[in-house]
């Protein structure tokens, strides 16, 4: 069956799925959802009325939500890199939720606030987002002190989530220099060929980042 992924290269959750696809060299067609291809937005909406991406079309079966897509790929189109290994599945899923909910979500709060008109911005949102990221950064730094990847020595779904989350979070609210283990983990993720490819494919869209994309990474 043919695979098609609907998404945008600059989207963190699209990147999360792209990493999984690239890890196992899984063949797929990319359907860019944007002004350049309105037909793809129409096709996405026909498959999922909320028209949120990413969405995977697997031979007519629609799978949405990035974690579910990666689980589907692991079960139906698995390769040498097992992204949800059975002997660590609970820990992998737990860390996946940590990165999505406690790193990417507060980052999204800051991005969305920056997109609002100045008179409608909510400073308390930024305070709360930074406080949550401070807690998450410190916890993750302690966790990564003796690990290569999020759950140990294997690259998994949790790392697919971590890569774009930490990438954009550090742009919005930089990881402190003192958090050496977390900063080193972010650099390992950037060096991983699957994520490096996703980052390169998103470079033309960096002007979209409303907080201003830093001249690095």
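Throughout, read-outs are computed from the coordinates displayed, never taken from laboratory work. All values derive from a computational prediction rather than experimental measurement. Neighbour counts run over all protein chains shown; Cβ positions are idealised from the backbone, glycine included.
Side notes on the structure shown:
- Per residue convex hull volume, Cα atoms of the chain, in Å³: 128
- For the chain, calculated [θ]222 nm from helices alone, where every DSSP H run of n ≥ 4 adds -39500 (n - 2.57): -16500 deg cm²/dmol
- With neighbours defined as other Cβ atoms within 10 Å of a residue's Cβ, the residues 47, 142 order from fewest to most as 142, 47.
- Share of pairwise Cα separations in region 127-217, more than 15 Å, in percent: 60
- For region 3-29 versus region 97-155, the gap between their alpha-carbon centres in whole angstrom: 22
- Additional length obtainable on full extension of the chain from residue 114 to residue 46, 0.36 nm per residue less Cα span: 21.4 nm
- Compactness of region 31-106 - radius of gyration and Dmax, Cα, Å: 14.7, 43
- Counted by neighbouring Cβ atoms within 10 Å, the residues 156, 125, 120, 107 run from fewest to most as 120, 125, 107, 156.
- Ranked for footprinting exposure by Cβ neighbours inside 10 Å, fewest first, 157, 211, 179, 5 give 211, 179, 5, 157.
- Proportion of all alpha-carbon pairs of region 67-192 beyond 18 Å (%): 54
- Taking all Cα pairs closer than 8 Å and separated by 6 or more residues, the relative contact order of region 86-201 comes to 33 percent.
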